[in-house]
1. Taking the conditions exactly as written (over 11 Å from the mean Cα position of the chain (by Cα) and farther than 22 Å from K5 by Cβ), does I115 satisfy them or not?
2. Considering only residues that are aromatic (F, W, Y) and surrounded by fewer than 16 Cβ atoms within 10 Å (Cβ to Cβ), look in the range 90-149 and name the one that is modelled with the highest pLDDT.
3. Just to be sure I understand, how many residues within the range 48-106 are of a type in the set (S, T, N, Q) and over 27 Å from D16 (Cα atoms)?
4. For the range 48-84, enumerate the residues that are among the β-branched types (V, I, T) and either under 16 Å from T108 (Cβ atoms) or buried (at least 18 other Cβ atoms within 10 Å of the Cβ) (or both).
5. I'm trying to understand the selection: among the residues of the range 47-101, which are in a helix (DSSP H, G or I) and either in contact with a Lys or Arg (Cβ under 6 Å, 6 or more places away or on another chain) or over 18 Å from D35 (Cα atoms) (or both)?
6. So which pairs qualify, if the first residue must be in the range 100-127 and of a type in the set (S, T, Y), the second must be assigned to a loop (DSSP other than H, G, I, E, B), the Cβ gap must be under 6 Å, and the two must be at least 6 apart or on different chains?
7. Quickly run through the range 1-29 and pick out the residues that are β-branched (V, I, T) and outside any loop (DSSP other than H, G, I, E, B).
8. For residues that are on the phi > 0 side of the Ramachandran plot and of a type in the set (S, T, Y), tally how many sit in the range 50-107.
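The values are calculated or read from the model by the stated rules, or taken from the named source; none is laboratory data. All values reported here derive from a predicted model rather than from experimental measurement. When we count neighbours, we look across all protein chains shown, and the Cβ atoms used for this are built from the backbone with ideal geometry, even at glycine.
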Amino acid sequence: MKIVKIHIKKKKGCEDLPLPAYATSGSSGMDLLADVDGEVSLVPGEIKLISSGIYLSMPDGYEAEIRPRSGLALKHGISLVNTPGTIDSDYRGLLSLIMINHGKETFTIKRGDRIAQMVIKEVIRAQIEVTEELDETARAGGGFGHTGK
């Protein structure tokens, strides 16, 4: 298992919130916590920007992917609008989550609730090359249900 050092700065007023952490030894993602004053409600269909209370500094060649928590999605219909979200290695702003309530009932987010997970990934950059022809494959241009399934 590869280990990479990520520097985290807490937002002023977030000293009470624990740092992102892996819940188990096999977890791929670290839990991100809600930096809200008291409670924030998300009514069905509503989108809100929720702070995680942290700033990141990652080495070049890495990104943080921000993903919904499966339990919140299954039990309450809570997700992220842009999932997975990408935190680039040169971004130094407040890590905030664009949350949405796809459920049927109002969902309350409390300070310190686990609201998303962050997975650190290596980045591969592409070099684009224009060509007149592409290689042939059995699939060719088939897509959008072309297999009948």
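1. Working: over 11 Å from the mean Cα position of the chain (by Cα): no; farther than 22 Å from K5 by Cβ: yes.
No, not satisfied.
2. Filtering the range 90-149 down to residues aromatic (F, W, Y) leaves 91, 107, 144.
Now narrow it down to the ones that are surrounded by fewer than 16 Cβ atoms within 10 Å (Cβ to Cβ): 91, 144.
On the way: Y91: 98, F144: 75.
Going through the qualifying residues, I end up with Y91.
3. Of all residues in the range 48-106, those of a type in the set (S, T, N, Q) come to 51-52, 57, 70, 79, 82-83, 86, 89, 96, 101, 106.
Add one more test, that the residue is over 27 Å from D16 (Cα atoms), and what stays is 82-83.
Residues in the range 48-106 being of a type in the set (S, T, N, Q) and over 27 Å from D16 (Cα atoms): 2 in total.
4. Initially, the range 48-84 is screened for residues among the β-branched types (V, I, T), giving 50, 54, 66, 78, 81, 83.
Result: I50, I54, I66, I78.
5. Going through the range 47-101, the residues in a helix (DSSP H, G or I) turn out to be 70-76.
Across the range 47-101, the qualifying residues are S70, G71, A73, L74, K75, H76.
6. These pairs meet every condition: T106/V43.
7. Narrowing the range 1-29 to residues β-branched (V, I, T): 3-4, 6, 8, 24.
Hit for the range 1-29 is I8, nothing else.
8. The initial filter retains those residues of the range 50-107 that are on the phi > 0 side of the Ramachandran plot, namely 53, 61, 77.
Cutting the leftovers down to of a type in the set (S, T, Y) gives us none.
Of the residues in that region, 0 qualify.
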